[in-house]
């Protein structure tokens, strides 16, 4: 299995992910996605809320890259794989839809889902961890809070409530 518990932890702690696709003319497109989740068996699913270029590109070229980071810890993962568009008529749509609807609370309708079969996983870490190996996650969080002007009274953002 390529998607470990560690990767899942970062999927759940990331507010956005970025999905990179390429057209048949080899023109890249990167699009932020807000509603995404681990599904099962090395599969990530993404709700196609307002993603016409993403859907068009995947229908032309199935190779994709999806990246996500915890903005405070400044660590995450880059996943590469192949994607397909799941339509309402596909057998897995309802199960996938139920998982994603929990995240949207029904406020963002979508008629298709991008299913990404992951075949490569690579960690992403802020350069500070490499340049200054003594950097701790706690110090990085404090630095990010200052940079993003986040109050210390906010300790955890829970997006699953």
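No value in this document is a laboratory result; all are computed from the given coordinates. Predicted model only: the values in this text are computed from it and were never measured. A quick note on method: Cβ atoms are made from the backbone with ideal geometry, for glycine too, and the neighbour counts reach across all protein chains shown.
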Next item on the list: Determine the shape class of segment 66-161: with a ≥ b ≥ c the square roots of the Cα gyration tensor eigenvalues, call it rounded for a/c under 1.5, and otherwise prolate if a/b is greater than b/c, oblate otherwise.
Entry: oblate
Checklist line | Over segment 1-84 - Rg/Rh using Cα atoms and the Kirkwood inverse-distance radius | finding: 0.96
Notebook entry, point to check: How do 135-142, 35-42 rank on mean C-beta neighbours within 10 Å, highest first?
Noted result: 35-42, 135-142
Item checked: Of 56, 128, 87, the one that fluctuates the most in a GNM where the chain has Cα springs shorter than 10 Å -> 128
Next item on the list: Go from 0 up to the bin containing the longest alpha carbon distance in segment 55-107, width 10 Å each, and give me the % of pairs per bin.
Entry: 19, 31, 43, 7
Note to self: If I fit a long axis through the Cα atoms of helix 137-148 and take the longest principal axis of the Cα atoms of the chain, what angle between them do I get, 0 to 90°, rounded to 10?
What the structure shows: 80
Checklist line | Dimensionless Rg ratio for the chain, taking C-alpha atoms and the 2.2 N^0.38 Å reference | finding: 1.10
Next item on the list: Go ahead and estimate [θ] at 222 nm for the chain from helices alone: -39,500 (n - 2.57) per DSSP H run with n ≥ 4, summed, over the residue count, rounded to 500.
Entry: -8500 deg cm²/dmol
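How do 22-32, 66-76 rank on mean C-beta neighbours within 10 Å, highest first?
Working: 22-32: 11.6, 66-76: 20.4.
Taking the mean over residues of other Cβ atoms within 10 Å, the ranking is 66-76, 22-32.
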